[in-house]
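Everything below concerns the one structure shown next.
Rule-based calculations on the coordinates, nothing more; no lab input. Keep in mind the model is a prediction, meaning the values are calculated, not measured. Glycine also receives a Cβ, built like all others from the backbone with ideal geometry; neighbour counts cover every protein chain displayed.
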Amino acid sequence: MSTPRIVVTGIGASSPLGGTAPESWSALLDGVSGARTLEYDWVEQYQLPVTFAAEAKVRPDTVLERPQAKRLDPSSQFALVAAMEAWADAGSPDVDPDRLGVDFATGIGGVWTLLDAWDTLREKGPRRVMPMTVPMLMPNAAAGNLSLHFGARAYARTVASACASSTESIINAIEHLRAGLADVVIAGGTESAIHPITIASFASMQALSKRNDDPAHASRPGSIDRDGFVMGEGAGVLILETEEHARARGAKIYAAVVGGGVTADSYHITANDPEGTGAASAVRAALEMADAAPGDVTHINAHATSTPVGDPNEYVALKTVFGDRIDEIPVSATKASTGHLLGGTGALEAIFTVLALQDRMAPPTINLTEQDPAVPFRISGEPQPLGDGPQLAISNSFGFGGHNAVVAFASV
């Protein structure tokens, strides 16, 4: 029995660069930064050491109907907005509900709901805590609400593997479609964690950039003067289905999802393995599933968070797989523009990878002043043409806990 080929038929995104996937892609190609100073009283109230982040360009509660938005944590709001766009982009597939699945992800979940409820409990007592608090804060809330909204009854599953979460959800979708558990899957991830507690915590561990006077240039992957990542928020959603199902309904096809690899470092709870063993294994696994060789890869969307340690470790991992050829492959580090969406970042970057193949253009990496000799990727402040012929691209995501996830896409 042949293995079904899986394709992307719809995309949707709500990001720091735009309220839709096309808006986000256009701004990315134009070299726009989504990082801005935070205009909230709590920044000064808590004397936060970092006063900026990459907030979503369009607030999801301005898109959704008010009663609908009030029942959802912002993370689920972003998920629903992006999924509605992706579903419409895919032509609103006419699929048996029992053959429609949801593979979704978040790194943190409903942190705003949880901590707002805690404040309410302390200040006003238990009777004032909303009955919907738990359904709103639980990490599987986004997947559950997408299942309810679209009538998906095949399954609704959630991954929470930190910054690798939504890449892993896409890989799960590949496996579930190949296993025949569904004909169409809503896959992706979301995050809305630009909150005083997360900013304070990440800043305390020296993970965030502290360029408060210049947010737009704070995230600078590969640059020798990088000093940490920038918090981002939003969601990315891809509609995946078997090629047979897509062609039978006359759907447009963006790209094929041909491989995925998931591994664990077993090295440290927050630091990735400096030898890149687990990350390299994830890349190899993705290529093996794709029945491809390292020499077939024509583009890489790097995890590249702009941290002093993480960027060179990723280079080491990729050099292990690609050898000296890694210095020739066009690489994009899109977090320079979007910031880091944590559990939502892999899905957004998967969309950017798909669009790079469609437009045959690797997006630019902004804010690269002087490239670090320890990170000699072929990155550029300008879009890089990918050329003619078949294209194969990978998108990397690595998360706290030692999670590694790599997904491979092929042009069609």
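Side notes on the structure shown:
- Region 103-254: C-alpha gyration tensor shape, a/c 1.5 cut-off, then a/b vs b/c: oblate
- Value of [θ]222 nm, deg cm²/dmol, for the chain, DSSP H segments ≥ 4, -39500 (n - 2.57) each, nearest 500: -10000 deg cm²/dmol
- Think of each Lys and Arg Cβ as +1 and each Asp and Glu Cβ as -1; about the Cα centre, that makes the dipole of the chain roughly 900 debye.
- Two-site label geometry, D94 and A248: point separation in nm, points 7 Å out along Cα→Cβ: 1.3 nm
- R0 of 35 Å, Cβ-Cβ distance Q371-A200: FRET efficiency to nearest 0.05: 0.65
- Axial C-alpha extent at least 15 Å, average Kyte-Doolittle at least -0.5 - helices from the chain (DSSP): 74-89, 111-124, 165-178, 277-289, 310-322, 345-359
- Global geometry of the chain, whether rounded, prolate or oblate, following the gyration tensor of its Cα atoms and the 1.5 cut on a/c: oblate
- Straightening the chain between M130 and R325 buys 64.6 nm, computed as 0.36 nm per residue apart minus the Cα-Cα spacing.
- Overall, region 112-229 carries a charge dipole of about 340 debye about its Cα centre when +1 sits on the Cβ of Lys and Arg and -1 on the Cβ of Asp and Glu, all other atoms neutral.
- Candidate lysines - alpha carbon under 25 Å from K319, same-chain residues fewer than 8 apart omitted: K335
- Peptides ranked, highest mean first, by Cβ atoms within 10 Å: ranges 160-166, 317-323, 125-131: 160-166, 317-323, 125-131
- Residues in region 141-170 reached by a label modelled at L115 [backbone nitrogen below 20 Å; 7 Å Cα→Cβ]: 141-142, 161-163
- Considering only the chain, percent of DSSP beta bridges that pair antiparallel, nearest 5: 70 percent
- Region 346-412 and region 120-152 have Cα centres separated by 35 Å.
- Region 81-172, relative contact order in percent, only Cα pairs under 8 angstrom and at least six apart counted: 42 percent
- Spin-label model, S2 to E175: label points 7 Å out along the Cα-to-beta-carbon direction sit 2.5 nm apart.
- Each of R226, R153, R99 was scored by other Cβ atoms within 10 Å of its Cβ. Arranged with the fewest first, they read R153, R99, R226.
- Full-extension gain in nm, E123 to K210, via 0.36 nm per residue minus C-alpha separation: 28.1 nm
- Reachable aspartates and glutamates, given that their alpha-carbon falls under 17 Å from the alpha-carbon of K210 and they are not under 8 places away in the same chain: E39, E44, E55, D225, D227
- Of interest is the spacing of the C-alpha centroids, which for region 168-183 and region 10-26 amounts to 24 Å.
- Simple spin-label estimate for E39 and I269 gives 3.8 nm between the two label positions (7 Å along the Cα-to-Cβ direction from each Cα).
- For R66, R360, order by how many other beta-carbon atoms lie within 10 Å, fewest first: R66, R360
- Shape call, region 329-412: gyration tensor on alpha carbons, a/c limit 1.5: oblate
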